[in-house]
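Computed from the coordinates by the stated procedures, all read-outs in this text should not be read as laboratory data. Computed from a predicted structure; not experimentally measured. Glycine gets a Cβ as well: all are built from the backbone with ideal geometry, and neighbour counts include every protein chain shown.
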Amino acid sequence: MKFKFLITLLSPLLICCKGTEKNSRNVAEISSERISINSEIIADQEIDEFIKPYQKHLNATLDSVLAYNPTLLSKNDGDLNTAIGNLMADVVMQQASPVIEKRSGRKIDIVLLNHGGIRSELPSGDITTRSAYNLMPFENEIVVAELTGAQLKEMLKYLEKAKTAHPISGIKIKANRDYKIREATIKGEKIDKNETYFVATSDYLFNGGDNMNFFRDPVNVYAADYKIRNALIDHFTKTDTIRAKIDDRYIRE
């Protein structure tokens, strides 16, 4: 089958060079013109017909109903924790912990994601595969960093300064009205500087995204080989009705 392809060029592109010394060139001028791709460009019918069955199959997959959500969930509905953020962090905990336990012999202790990584609301009504893609469009993978108690203290300092509802699971934090953290416990116990903890996060954050530099120099690192989006899809697939709420995992007193 013969196809026609639209190739957008920067035109005219003129680079003039002048010699100053032997084997030396300086750029004297660069000019360009922007050519917009818009509704005035006529679609190639042959390509459209070729793509159509694949598009139909993809849309059927994305629009397949996985679960039911009783109420709209938004990342702007809470102070230091939100229902949608709690849902995402808990899903990572539930879905990835068995994988990590098989590989390391230990379960995940804490999950920390980022508020900015929640890319859409979760609407009320039917939840589909497309809903998961809208919520997490990135290819971020779950990574587990084994951190010391001292490194967790740095994490708490980060959260204290951020004053943001970064999704967490497995840890309970209490702050005062000025966001100063007064207490943090894991499984009801205070953080022990002599212990290490398994902290699940995204590969983006593990590599310093959002300035989460406390992930530097972990004791160990374990890859789950599991995308956050896929964890959401797997959770939705086995869940009839989504139950998510704002709770007391991170509060100001």
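Contact order normalised by length for region 24-129, with contacts defined as Cα pairs under 8 Å and 6 or more residues apart; what percent is it?
Rounded, it is 37 percent for region 24-129.
Do any GluC sites (Glu not before Pro) in region 177-227 lie in a DSSP loop with no more than 15 other beta carbon atoms within 10 Å, and if so, which? Intermediate results must be reported in sequence, preceding the final value.
Values: sites: 183, 189, 195; in loops: 195.
Within region 177-227, the qualifying GluC sites (Glu not before Pro) (loop, at most 15 other Cβ atoms within 10 Å) are 195.
Starting from the Cα of residue 247, step 7 Å along the direction of its Cβ; do the same at residue 34; then give the gap between the two resulting points in nm.
Calculated label separation equals 4.8 nm.
If the chain between residue 190 and residue 234 were fully stretched, how many nm would it gain, using 0.36 nm times the residue separation less the Cα-Cα distance?
Contour length minus the Cα-Cα distance gives 12.6 nm.
Per residue and in cubic angstrom, what volume does the convex hull of the Cα atoms of region 65-252 have?
Here the figure is 105 Å³ per residue.
Of 107/180; 75/102; 157/245; 174/227; 153/187; 174/238, which pairs sit farther than 27 Å apart, going by alpha carbon to alpha carbon?
Beyond 27 Å: 107/180; 75/102; 174/227; 174/238.
Just to be sure I follow: if Rg is taken over the C-alpha atoms of region 117-213 and Rh is the Kirkwood radius over the same atoms, what is Rg/Rh? Intermediate values should be presented prior to the final figure.
Details: Rg = 15.5 Å, Rh = 15.3 Å.
Radius of gyration relative to Kirkwood radius: 1.02.
Let's test the formula: R0 of 51 Å, r as the Cβ-Cβ distance of residue 51 and residue 220. What FRET efficiency results, to the nearest 0.05?
The value I calculate is 0.65.
Restricting to DSSP loop positions (anything but H, G, I, E, B) with no more than 15 other Cβ atoms inside 10 Å of their own Cβ, which trypsin sites (Lys or Arg not before Pro) remain in region 37-142?
Here the sparse-neighbourhood loop sites are 107, 119.
Going by amide H atoms built from the backbone, whose H comes under 5 Å of the H on residue 171, apart from near neighbours?
Result for residue 171 returns 111.
How high is the relative contact order of the chain? Use alpha-carbon pairs under 8 Å, at least six apart in sequence, and give a whole percent.
Working: 458 pairs, mean separation 65.4, N = 253.
This gives 26 percent for the chain.
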